[in-house]
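Each remark here refers to the structure printed beneath this line.
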Amino acid sequence: MNKLLYLITLTGLLFTASCGSDDDEPQHSSIYNRSYTLLNHVTDASTGNVLAVTKGNIKYTLDVINMTADAEFGVKLDGKTETPFSFKGVKIINPSYGFYRFDNKTPTSSITDFVGIVDLNEEATQFSFTSGGKYRVCATLPEIFFLNCNTVTAYSDGSSYDHKDDKPMYQFDINPETMTAKVTIMTFNDTKQYKFINNCSGNGAQVVATPDGYTITADKIITTTYYTQGTTVTNDIDAVEDDGSEANKDKPKKQYIIYNLNAKLNIFANTIQATFKLGSKIDKSFSVTVNGTVY
């Protein structure tokens, strides 16, 4: 997968790393050291106000022999000044291969309701907690991904397709400075054109922070797409939008443009609800409905 989307099922808040390639198996070791730049989502629990999304850093050590973890990280709780947090020797449990969960709701006296996971298979790390009984914090890597999604496409002839087998995946790479996102769709089956979309991505979606996460919208995203038809993998890097202009008349046209995107990402519940259209032009597009979770 293309450094994908990115989250896990937590009951609280999260903290995400992007999904590694399918070949990125965790190396066998007893100590794992990781460091990331984070996307910090902070809500004032008393007012419900969402503060400015900022960046922070985290580094942690995972001891899978003694089943403990140490961590150091910082969050701008007021949107301006970074508050440091750290803990040592927190117990972890291992529900499945390469997947670890922090087994302490209060690893340090300054935070409560702590939930954290480390998934070495996908290089995903997620934390959630409440600081000082006031700030509800969700820290993730900027790439927020969803792997377990129910997707249905509806075509203009009234037919529809339920993507139970190809299981499309979705990723949103958020830039907190511009509050825009790169949107990526993967492993998507276009049944009408007999094309399998390996990767379809484009920039420029607008991001708004909400109390539960982010809303991501766009009227139109011009994408770059790699797709398989038969045994041939094709890309449309040199293709242009089918805008009817004389200058673009004889040039190859983009097959997949994202229209009318509306995606609601609940990073606390790790869910996505999204609708959009996909096609070469708005009047030649098909509708897509997505409901899913990180895993």
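The values are calculated or read from the model by the stated rules, or taken from the named source; none is laboratory data. Since this is a predicted model, take the numbers as computed values, not measurements. Glycine gets a Cβ as well: all are built from the backbone with ideal geometry, and neighbour counts include every protein chain shown. We work out accessible area using only protein heavy atoms, side chains counted, and drop any ligands, DNA or RNA first. Shrake-Rupley method; radii C 1.70, N 1.55, O 1.52, S 1.80 Å.
Here's a check for you: in region 230-242, which residue that is among the aliphatic types (A, V, I, L, M) and not in a loop (DSSP other than H, G, I, E, B) is least open to solvent (accessible area, probe 1.4 Å)? Looking at residues that are among the aliphatic types (A, V, I, L, M) and not in a loop (DSSP other than H, G, I, E, B), I get Val240. Taking residues in region 46-61 that are free of Cβ contacts under 8 Å to residues at least 40 places away in the same chain and under 16 Å from Gly116 (Cα atoms), and partners anywhere that are of a type in the set (A, V, I, L, M) and open to solvent by less than 60 Å² (accessible area, probe 1.4 Å), the pairs with Cβ atoms closer than 7 Å and at least 6 places apart or on different chains are Asn57/Leu38; Thr61/Ala69. Restricting region 217-253 to residues that are among the basic types (Lys, Arg) and farther than 18 Å from Ser287 by Cβ, the residue that is modelled with the lowest pLDDT is Lys249.
Report, by residue number, each residue of region 243-295 that is in contact (Cβ under 8 Å) with a residue 40 or more places away in the chain, in a loop (DSSP other than H, G, I, E, B) and open to solvent by 40 Å² or more (accessible area, probe 1.4 Å). Correct list: Gln255, Ala269, Tyr295. A count restricted to region 174-198 and to residues that are of a type in the set (Phe, Trp, Tyr) and either part of a loop (DSSP other than H, G, I, E, B) or open to solvent by less than 20 Å² (accessible area, probe 1.4 Å) (or both) stands at 2.
Is it the case that some residue within region 220-229 is among the aromatic types (Phe, Trp, Tyr), in a strand (DSSP E or B) and under 15 Å from the mean Cα position of the chain (by Cα)? No - not one qualifying residue is present in region 220-229.
Annotation note: Cβ proximity below 6 Å between a residue of region 202-215 that is closer than 14 Å to Gln171 by Cα and assigned to a strand (DSSP E or B) and a residue that is open to solvent by 40 Å² or more (accessible area, probe 1.4 Å) and of a type outside the set (Val, Ile, Thr) (sequence gap 6+ or interchain) occurs for Asn203/Lys182; Val207/Met179; Thr215/Lys264.
Take the conditions open to solvent by less than 60 Å² (accessible area, probe 1.4 Å), outside any loop (DSSP other than H, G, I, E, B), at pLDDT 90 or above and more than 27 Å from Ala218 (Cα to Cα) and apply them to Thr151. Does it pass? Spelling it out, it is not the case that Thr151 is open to solvent by less than 60 Å² (accessible area, probe 1.4 Å), outside any loop (DSSP other than H, G, I, E, B), at pLDDT 90 or above and more than 27 Å from Ala218 (Cα to Cα).
Residues in region 131-146 include none that are open to solvent by 30 Å² or more (accessible area, probe 1.4 Å), of a type in the set (S, T, N, Q) and either over 14 Å from Leu39 (Cα atoms) or touching a Pro at 6+ places or on another chain (Cβ under 8 Å) (or both).
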